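Engineer: Have a look at the structure that comes next, please.
The values are calculated or read from the model by the stated rules, or taken from the named source; none is laboratory data. Predicted model only: the values in this text are computed from it and were never measured. Glycine gets a Cβ as well: all are built from the backbone with ideal geometry, and neighbour counts include every protein chain shown. The area values use the complete protein model at the heavy-atom level, side chains included, leaving out ligands, DNA and RNA. Shrake-Rupley method; radii C 1.70, N 1.55, O 1.52, S 1.80 Å.
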Amino acid sequence: MGIEAKEADPMFADKLFSLSDEDLIQQYYHTRNRRAFREIFRRYKEPLFRYCAQMDLARCTLLMENFWLSLLSEPPLLERQQLKNWLYIRLNRVLKSACSDVASESDPQETTLHDAFEQSDMLKALQQLPRRQRNIFLLYNQCGLSLATVADIERISLAVCRQELADGGKSLEFNLHGSARKPWVSSVTLAQQAAEAEALAQEKAREQTQTAKPRFTWGTRWAAKSLKPSSSDTSKPSVEIAQA
């Protein structure tokens with residue numbers, strides 16, 4: 001049975017569907033069976049594109065087209081390596097090599113992607129992270145790579161990678177929600193605290209007026225006038241109410 005006949009066989013298609021990633025790429029490497037390639041493409045087109053878009057939104061469409069064309073013409077012969085890891089490692093190299101390139105003209109699809117990013121607080125918060133922290137955060141949390149693999153991709157130690165992941169998570173939390181939340185306080189307690197603060201400020205102002213003495217004997221009226229508490233001394237302090 002030729003390759004064309006196999007591709008037309010539904011049973012053969014079901015068999016491809018049940019194969020592992022590594023078996024699929026091995027079969028495509030040896031036979032150039034397009035159905036094997038299409039099955040790999042079906043499994044990874046969305047997660048790879050999503051990762052690429054969050055790392056380089058302006059050029060993700062062109063980069064992914066070139067990435068898949070390269071894989072179509074030159075599939076890897078894996079040696080004890082997961083295809084998933086190989087794909088992200090290769091795409092990461094493509095992204096890093098594209099950093100110094102001149103940005104291509106945007107097309108309608110990239111404009112649509114940009115609008116989607118603008119409407120998502122999470123995506124905008126991710127874009128504010130330093131590139132390495134963003135890459136580590138995405139590869140580990142979204143793409144599902146092990147921390148050791150991510151460290152190898154970034155060519156840093158595992159300890160540094162773990163610290164960068166923690167720092168990126170904290171920065172992302174801050175970008176999304178601001179500073180750390182404070183304990184909730186009832187309106188009655190807030191009003192009581194404000195009244196106490198105002199009474200204390202007024203008491204301090206009276207003490208300063210009574211005990212202060214002019215530095216010079218002349219200009220007594222001017223000195224006494226300058227020591228009077230200003231209106232800002234007795235104003236109510238601002239109180240931020242943290243949402244529960």
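Engineer: The conditions are (1) at pLDDT below 90; (2) loosely packed, with under 12 Cβ neighbours inside 10 Å, and Glu74 fails exactly one of them. Which is it?
Structural biologist: It is condition (1) that Glu74 fails.
Engineer: Here are some residues: Phe41, Phe67. Which one is open to solvent by 70 Å² or more (accessible area, probe 1.4 Å) and modelled with pLDDT of 95 or more?
Structural biologist: Result: Phe41 is the single residue among Phe41, Phe67 that is open to solvent by 70 Å² or more (accessible area, probe 1.4 Å) and modelled with pLDDT of 95 or more.
Engineer: How many residues are more than 11 Å from Arg132 (Cβ to Cβ) and either at pLDDT 90 or above or assigned to a helix (DSSP H, G or I) (or both) if we restrict to the stretch 158-180?
Structural biologist: Number satisfying all stated conditions: 14.
Engineer: Just the residues that are at pLDDT below 80 and open to solvent by 80 Å² or more (accessible area, probe 1.4 Å), please, taken from the stretch 6-22.
Structural biologist: Those that are at pLDDT below 80 and open to solvent by 80 Å² or more (accessible area, probe 1.4 Å): Lys6, Pro10, Met11, Asp14.
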